Amino acid sequence: MEDFSGRIAVVTGGGSGIGRALVQQLSAAGCHVATCDLDSHSLEETRHLSLADAPKGTEVSVHVCDVTDETALQGFAEAALKSHNTDHFNILINNAGIAGGGSFIKDEREQWDKTFAVCWGGVYFGCRTFLPLLIKSDEGHVVNISSVNGFWACMSPRFAHTAYSAAKFAVKGFSEALMVDLQLNAPHVGLSVVMPGHIGTSIAINTRKMHNMTPPADMNAAEIEEVRKVWSRFEESAGQLDDETIRQMLELQGENFRDNAPTSAAQAAAIILEGVKNKQWRILVGEDARGMDAMVREEPENAYTTDFFRRLQGKGIFNTTSL
C-alpha cells in the first residue's frame, strides 16, 4: 500500500502514544480513520489534533471500545462502517496495549489476565472482527503491534515480565502464521508485525489506571514496602529509600518513560507507516530494538543471563531508567 490517501483505516488504542501518532499521520496523508480507546476525552483530543493537519474532506471518527470484548469490537466495526459510509476497510492497526502482571507466581491473577487480554486478545479479536472487512477491499494491510518483548521475554534477569511478554510472543507468532495464511487465501491483504523498543508513550501511567492501582501519593506502608523490595533487586541502596522518596520516584517513573525515550511516538508511527509502504512484514522500531534483536539472535542461549543484560546496558541498548 504505497499511498494512504482515500483509504480507510482502523486504529485501536488511538487515545494516546503510538496510536494517536498513527491516527495523526494517516489522516495527514488523506486517509480516513476510525479509532477506538476507553478514554472518550483522549479520543476527542486525538480527533481534534488529527483534523487540524488533515486535507479537507478527511474523516476521523472516534469510538469508545474495550478491545478485550469481542462484542464491543463488533459494535465498533458497525459504527465505524456507518460513520465512513463504507462496506470495507483498507488498514487495520491493532495497537492497544498495557503492561502489568509481571510475575505469574506472585502477582494477582486478575492483573495478569487483564494484561494478556488487552495485548493478545485485542489483536485476536481485532483480526476476527476486521479482517473480513479488509478482505472485501481491493487492497488491505494488517499491522499488529508486538514488542521487543515478543522475541526477548525479559526486562532484566531480576524482574519478572510474564504477562506482557507472553502476549507479545503470541502476537508475533500469530502474525507470522497469519501472513502465510493471507498469502494463500487473501493475497491482496498484506501484514506487518511491529516490534518497538522503548518508545516515549504514557503506557506506564495508563497501566496503573487500567489496573486500578493505588496512586503513588495514596499508597500505604505495605504497598510501599513491596515496591522497595522490587527495586532492591536492581539496586541494593533502594532498600534504604524512605516512603516519601519512593512515592515521588513512582510519580516520576511514568513521566520519565514517556519523556526520556530514545524514540518518540511520532517517530515510531512514521517508521511503522514507512514499513507498510515498503511492504516490510517485520518492522523493528528504534536502535534499541535492532540492537536487542541482533544480540538475541547471535546468542539466544545466553539471553536470560545477568551477563547478557549487562552487555546490553554496556552497549547503550537497554537503559534501566525505562523500567
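Every number in this text was worked out from the coordinates using simple rules, so none of it is lab data. The shown structure was predicted, so the numbers you read here are calculated from the model rather than taken from an experiment. Positions of Cβ are backbone-derived with ideal geometry, glycine not excepted, and every protein chain shown enters the neighbour counts.
Annotation: the antiparallel percentage among DSSP beta bridges lying fully within the chain is about 0. The mean sequence distance of close C-alpha pairs (under 8 Å, at least 6 residues apart), as a share of the length of the chain, puts its relative contact order at 17 percent.
Residue 88 to residue 302: extension gain in nm, 0.36 nm per residue of separation minus the Cα-Cα distance? Please list the in-between numbers first.
Working: separation 214, 0.36 × 214 = 77.04 nm, distance 4.63 nm.
Taking 0.36 nm per residue and subtracting the Cα distance, the gain is 72.4 nm.
Set the Förster distance to 56 Å, then compute FRET efficiency between residue 45 and residue 220 from the Cβ-Cβ distance, nearest 0.05. If you can, show how the numbers build up before the last one.
On the way: r = 33 Å, r/R0 = 0.60.
Efficiency at R0 = 56 Å is approximately 0.95.
I'd like to know how the range 209-260 sits against the 2.2 N^0.38 Å rule of thumb: what's its Cα Rg over that expected value? Each step should come with its number before you reach the end.
Working: Rg = 11.2 Å, N = 52, 2.2 N^0.38 = 9.9 Å.
Here the Cα radius of gyration is 1.14 times the empirical estimate.
Taking a quarter of the surface of the Cα convex hull of the chain, what do you get in nm²?
On the way: hull surface 65.1 nm².
Quarter of the Cα hull surface area: 16.3 nm².
Note on residue 280/residue 315: beta-carbon distance plugged into 1/(1 + (r/R0)^6) with R0 of 25 Å gives a FRET efficiency of 0.55. Mind checking the angle between helix 122-135 and the chain's longest principal axis? C-alpha axes, 0 to 90 degrees, to the nearest 10. Helix 122-135 sits at roughly 20 degrees to that axis. A crude spin-label estimate for the pair residue 105 and residue 79, with each label 7 Å from Cα along the Cβ direction, gives 4.3 nm.
Please order 69, 259 by the number of other Cβ within 10 Å, starting at the fewest. Could you put the intermediate results ahead of the total?
Numbers: 69 15, 259 11.
Fewest-to-most Cβ neighbours within 10 Å comes out as 259, 69.
Given R0 = 41 Å, the distance between the Cβ atoms of residue 136 and residue 212 translates into a calculated FRET efficiency of 0.55.
Fully extended, how many nm does the chain gain between residue 188 and residue 243 (0.36 nm per residue separation, minus their Cα-Cα distance)? Write down the numbers at each step before the final one.
Details: separation 55, 0.36 × 55 = 19.80 nm, distance 5.71 nm.
Gain in length upon complete extension: 14.1 nm.
Per-residue Cβ neighbour counts within 10 Å put 32, 84 in the sequence 84, 32, beginning with the fewest.
Gap in Å between the Cα centre of the range 66-144 and the Cα centre of the range 1-55? Each part reduced to its Cα centre gives a spacing of 16 Å. By the Cβ-Cβ criterion of under 4.7 Å, the unpaired cysteines of the chain are 31, 119, 127, 154. Going by neighbour counts of Cβ atoms within 10 Å, the residues 3, 181 line up, fewest first, as 3, 181.
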